[in-house]
Amino acid sequence: MTMINFSCTNIPVFEVLRCSWNLTKTELEVLQALTDTKTTKDVKADHDVSMSLAQRTMKSLHDKDLVIRRQVNQTQGGYTFVYSRKPREELVSDVQSIIEDWSQRAKDAVAKEAFQSDEKETVTA
């Protein structure tokens, strides 16, 4: 039997967003708060997390194509990555597409498997 991840309860939008992109709670909190360009040091300070967690979070958000990363070269040598969130409209559209895809898969599964016993031949002796 096909399993459909579905809930008959109220689901906070936060959870819809988190599940759509398979984000941790911290990743989504950082993404939602990312209203301007930030470094990992900014993320560390703003969210009171360790530097390694800030770095992993930003890398994950970048890998999932939710933020844009830009390299800024330092005058004394070296560089820093700065991150900015993709435009709100693009992110909303992405989640809506994910929801539509899930909805279609759920509809297909119901059409294929619901009430299958009604379609079986009845054999009489």
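Sparse packing (at most 14 other Cβ atoms within 10 Å of the Cβ) combined with a DSSP loop state is found for the following chymotrypsin sites (Phe, Trp or Tyr not before Pro) in the range 1-77: Phe6.
Considering only Cα-Cα distances, which of the following residue pairs are longer than 25 Å: Lys44/Lys64; Lys64/Lys112; Lys41/Lys86; Lys86/Lys107? As for pairs spanning more than 25 Å Cα to Cα, those are Lys64/Lys112; Lys86/Lys107.
Fully extended, how many nm does the chain gain between Trp102 and Lys86 (0.36 nm per residue separation, minus their Cα-Cα distance)? It would help to have the intermediate numbers written out before the result.
Details: separation 16, 0.36 × 16 = 5.76 nm, distance 2.28 nm.
Net length gain for the segment: 3.5 nm.
Based on protein heavy atoms only, the chain ends up with 75 Å² per residue of surface accessible to a 1.4 Å probe. Carbon-plus-sulfur accessible fraction, the chain (probe radius 1.4 Å, protein heavy atoms only): 51%. Between the Cα long axis of helix 51-63 and the first principal axis of the chain there is an angle of about 50°, rounded to the nearest 10. Computed from the C-beta positions of Asp46 and Cys19 and an R0 of 30 Å, the FRET efficiency is 0.80 to the nearest 0.05. The Cα trace of the chain gives Rg and Dmax of 21.8, 91 Å, the first to one decimal, the second as a whole number.
Once the chain from Gln76 to Gln32 is taken as fully extended at 0.36 nm per residue, the excess over their C-alpha distance is 12.6 nm.
The values are calculated or read from the model by the stated rules, or taken from the named source; none is laboratory data. As the structure is a computational prediction, the values presented were derived from the model and not from experiment. Methodologically, a virtual Cβ is constructed for each residue, glycine included, from the backbone with ideal geometry; neighbour enumeration extends over all protein chains shown. Heads up: the accessible areas ignore ligands, DNA and RNA and are worked out on the full protein's heavy atoms, side chains in. Shrake-Rupley method; radii C 1.70, N 1.55, O 1.52, S 1.80 Å.
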